[in-house]
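Written below as structure tokens is the structure these notes are about.
None of the figures in this text is laboratory data; all of them are computed from the coordinates on show. Values in this document were obtained by computation on a predicted structure and should not be read as measured data. Here the Cβ positions follow ideal geometry from the backbone for every residue, glycine too, while neighbour counts run over all protein chains shown.
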Amino acid sequence: MFLIDDTALMALIREDVPAGDLTTRSLGLAAEAGELTMRARGAMTVACSEEAVRILQLLGAEAWIATASGRQVEGGEMLLFARGQVEALLAGWKVAQNLIEWASGLASSATAIVAAARAVNPAVTVACTRKSVPGTRALSLRAVTVGGATVHRTGLSDSVLLFAEHRAFGGADALAAQIARLRASCPERKVVVEVADVAEALAAAQAGAEVLQLEKIPARAGGGGRGRAGPRLARPCCGGGGGHHRGQCRGLCGGGGAGSGDLGPLHRAAARCRRLDRPGLTLTR
């Protein structure tokens, strides 16, 4: 469970309504009573409908979830319903709608990539990196996971990942020496090493890396090293990192064994938001 607390949601509200809704207030509609419904415009994997409901509740409206996060819906299905003063409904309308559209774009893209990958290899794991828009990491990772993917790493504190940038400070024998040090210092963690070519992958595997992150290595080239890792890593867990999309799943996932796809650019899929129908807003007198 990703805990998106009220403080985070209030920050979204304050960003859009820092001093109230000038138009609604100027029209004298603030105290009127109304109802609001939100529906999917097309097929989508729903994400953050719970947070959208909570946004409306924080503004003083009553609100209910009609469709929980993680469900796949068709156009026209209701996602939430709310009622209360028009001031609260209109203040929360766009904040809640934009959140669902953006998060559902991520979730829907994750669902499509996972489906494409598992059609080739049912054992594959699709993982998303921490390359989210600044300030949106918790919401991004929530959307990715409800879409069926998993989290590669939430930040620098939760996993061991050796980059070439670390090895630049380690001298001529940096790869083997740093892997050995990490294995000794963090015995309860798997040592992940990012590699740029098959030769680096083989060297890292032979030095004791448990996971190889193949940075922008073509799928065919990356698969070629699986059988040559040597006795220390007979079946390397390989993750393809750097700009992957669902069209690449056959090449990335067809090599056998369980692996992970490091899909940082999945976050960019939010540009393809899953649109909602214009909310049904009605006055109740």
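Each of S49, S159, S185 has some number of other Cβ atoms within 10 Å of its Cβ, and from fewest to most they run S185, S159, S49. Phi-derived couplings, Karplus 6.51 cos²θ - 1.76 cosθ + 1.60 at θ = phi - 60°, listed residue by residue for segment 151-168: 9, 5, 7, 7, x, 6, 8, 10, 7, 9, 9, 8, 9, 4, 5, 5, 5, 4 Hz, with x used for Gly and Pro. Within straight-line reach of K216, meaning a Cα separation under 28 Å, sit the following lysines at least 8 residues removed in sequence or on another chain: K131, K190.
For a modelled paramagnetic label at L156, 7 Å from Cα along Cα-to-Cβ, no residue of segment 1-20 is in reach, as no backbone nitrogen comes under 11 Å. For A82, the shell of other residues with beta-carbons less than 12 Å away shows a net charge of 0, using +1 for Lys and Arg and -1 for Asp and Glu. Taking a point 7 Å from the Cα of R41 along the Cα-to-Cβ direction, the residues of segment 65-88 with backbone N closer than 17 Å to it are 73-80. With θ taken as phi - 60° and the Karplus curve 6.51 cos²θ - 1.76 cosθ + 1.60 applied, the whole-hertz 3J(HN,Hα) list for segment 3-10 is 8, 9, 7, 5, 4, 5, 6, 5 Hz, x standing for glycine and proline.
Radius of gyration over Kirkwood radius for segment 98-198, both on Cα atoms: the Rg/Rh ratio is 1.07. Distance between the modelled labels on T23 and F163, one decimal in nanometres: 4.3 nm (7 Å Cα→Cβ projection). Full extension of the chain between E188 and R275 gives 27.0 nm of extra length, using 0.36 nm per residue less the Cα-Cα distance.
Applying 1/(1 + (r/R0)^6) with r as the Cβ-Cβ distance of E62 and A138 and R0 = 25 angstrom yields a FRET efficiency of 0.45.
Divided by 2.2 N^0.38 Å, where N counts the residues, the Cα radius of gyration of segment 1-149 comes to 1.13. Note on E194, E51, E188, E77: ascending count of other Cβ atoms within 10 Å places them as E188, E77, E51, E194, the fewest first.
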